[in-house]
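To start, the structure under review is shown below, and the notes come after it.
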Amino acid sequence: MAADIRIGTASWTDPGFIADWYPPKLPASARLRWYAGQFDYVEVNATFYAIPAARTVERWCVETPDDFIFDVKLPKLLSRHRMESKFLPPDLRSRVSSERGCVTRTPESERLVVQRFLRELRPLSDAKKLGVFLLQLSPAFQPREHQLMELDSVRELLAPHQVAVELRHRDWVTGAQLPRTLDYFRERHVTLVLVDAPQSEHFTVMPEINCVTNPALGYFRAHGRNEQGYIRGRSVAERFDYEYSDEEVRAMAERLRGLSNEVQALRIVANNNRSNFAPKLAKKLRELLGLEGRLREALQHNRPLKQGQLI
C-alpha cells in the first residue's frame with residue numbers, strides 16, 4: 001500500500017471515550033495529549049457546532065506531536081443544517097443575516113463564516129497540522145430539490161484547501177443519478193466520502209460504493225451497522241451504537257486495502273461512537289493494515305510541542 005493512511009476517531013471528547021476508554025480520573029486538559037499517544041490523526045467534530053477560538057486551536061497544536069493531523073468538520077451553516085446565531089463569535093452575529101435566532105444561509109453569511117473559520121484555525125495551518133475539511137451534508141440536501149453545483153460556492157471559498165463531502169441522501173448515489181454525481185466530484189477533484197453503514201433502504205442510509213473521485217485523497221467513515229439506532233436514534237450514542245465483529249473488521253480492512261491502491265492519501269474515521277467501540281475499531285484496522293510500526297516510530301521521534309514553540 002503506497003497511500004499515506006491515517007486512522008483515528010470522530011472527536012476525542014466523546015462521552016463514551018471518557019467513560020470507557022480514557023484512564024480513570026484523567027483530567028479533561030490531558031485527554032488530547034493522551035489520545036495523540038494512541039493515534040496520529042483525529043477528525044474534529046466540535047467545529048460542526050461552533051467556531052473555535054484561535055487560542056483553543058493553538059492548544060490543540062501544543063498538545064499533539066509534530067506529525068499529528070486534524071481534519072476539521074465544517075460548521076452547520078455550510079452543510080445545510082440549522083445553525084443558531086448564538087454559536088457564532090459574538091462580534092460576527094450582528095454581521096450575518098438571521099431569523100428567529102438562526103443564521104440565514106446567504107452568499108454573504110457563508111463568506112463571513114468561512115473567513116472567520118479559517119482565521120481561527122490559522123494555528124493549525126501554521127503548525128502544518130491542518131488536514132482537509134469535511135462537509136457532512138444534511139439529509140435534506142437531496143436531488144429532487146437541489147443540485148450539486150450549489151456546493152461550488154463553499155468549495156471556492158475554502159480553496160486551496162481540500163474538501164471531502166459526505167452526502168447523506170442515498171438518491172445521490174443510486175440509479176441514474178450515480179454517474180452524474182460521480183462526474184460532478186471527479187470533474188472538480190473533490191473527494192466523495194465513502195461509508196460503512198447499516199444495510200437499509202432508508203433514504204438517510206448510504207449504500208456501499210467504492211468509487212474514487214479524487215486520486216489525491218480517499219475518505220472513509222465507519223458509522224456502524226445498527227439500522228434502528230441509525231435511523232431513529234436521537235443521540236450520537238444511540239445512532240452509532242455498534243461494535244464490529246472481528247470478521248466484519250477483517251472484511252472492512254480488505255475493502256480499505258483496495259481503496260488505498262487508488263489514492264495518494266487515505267483517511268479512515270471510526271464513527272461508531274458508543275463506549276470505546278470507535279477507538280477499538282481504529283486500533284484493529286491499524287493492526288490489520290500494518291500501520292502499528294509506523295505509529296510507534298513516529299511517536300518515538302515526535303513529541304508534543306512545548307508552550308511557545310508554535311511557529
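The values are calculated or read from the model by the stated rules, or taken from the named source; none is laboratory data. Bear in mind that the values here come from a model prediction, so they are computed numbers and not experimental data. Cβ placement follows ideal geometry from the backbone for every residue including glycine, while neighbour counts extend to all protein chains displayed. Calculation scope for accessible area: heavy atoms of the full protein, side chains included, ligands and nucleic acids excluded. Shrake-Rupley method; radii C 1.70, N 1.55, O 1.52, S 1.80 Å.
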With respect to the numbered conditions (1) closer than 29 Å to K280 by Cβ; (2) at pLDDT 95 or above, which one is the sole condition not fulfilled by E58? (1)
Sole exception among (1) in a helix (DSSP H, G or I); (2) surrounded by 19 or more Cβ atoms within 10 Å (Cβ to Cβ) for G131, by number: (1)
Of all residues being without any contact (Cβ under 8 Å) to a residue 24 or more places away in the chain and not aliphatic (A, V, I, L, M) in region 164-179, which is surrounded by the most Cβ atoms within 10 Å (Cβ to Cβ)? Just the residue, please. P179
Hey, N210 hits all of (1) under 30 Å from Q228 (Cα atoms); (2) in a helix (DSSP H, G or I) but one; which does it fall short on? (2)
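Table: residues versus (1) free of Cβ contacts under 8 Å to residues at least 24 places away in the same chain; (2) more than 29 Å from T13 (Cβ to Cβ); (3) part of a helix (DSSP H, G or I); (4) over 18 Å from the mean Cα position of the chain (by Cα).
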{"site": "G224", "(1), (2), (3), (4)": "no, no, no, no"}
{"site": "E247", "(1), (2), (3), (4)": "yes, yes, yes, yes"}
{"site": "M252", "(1), (2), (3), (4)": "no, no, yes, yes"}
{"site": "E262", "(1), (2), (3), (4)": "no, yes, no, yes"}
Criterion first (charged (D, E, K, R) and over 30 Å from S200 (Cα atoms)) does E120 satisfy it? yes
Any idea which residue in region 98-128 is most open to solvent (accessible area, probe 1.4 Å), counting only those that are more than 15 Å from A54 (Cα to Cα) and of a type in the set (G, A, S)? S98
Taking D67 as meeting all but one of (1) under 27 Å from L266 (Cβ atoms); (2) in a helix (DSSP H, G or I); (3) not hydroxyl-bearing (S, T, Y), write down the number of the exception. (2)
Restricting the first residue to region 138-149 and requiring it to be in a loop (DSSP other than H, G, I, E, B), which pairs with a second residue that is at pLDDT below 95 meet a Cβ separation below 6 Å and a spacing of at least six or different chains? S138/R80; S138/H81; P139/T204; F141/R80
Among the residues of region 34-56, what is the count of those that are in a helix (DSSP H, G or I), farther than 19 Å from D126 by Cα and open to solvent by 40 Å² or more (accessible area, probe 1.4 Å)? 2
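Return the total of residues in region 228-242 being of a type in the set (S, T, N, Q) and part of a helix (DSSP H, G or I).
Number satisfying all stated conditions: 1.
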Report whether or not R111 is within 25 Å of R267 (Cα to Cα), of a type outside the set (A, V, I, L, M, F, W, C), in contact (Cβ under 8 Å) with a residue 24 or more places away in the chain and in a helix (DSSP H, G or I). no
Working carefully through the options E292, E238, E262, find the one that is touching a helix residue (DSSP H, G or I) at 6+ places or on another chain (Cβ under 9 Å) and open to solvent by 70 Å² or more (accessible area, probe 1.4 Å). E238
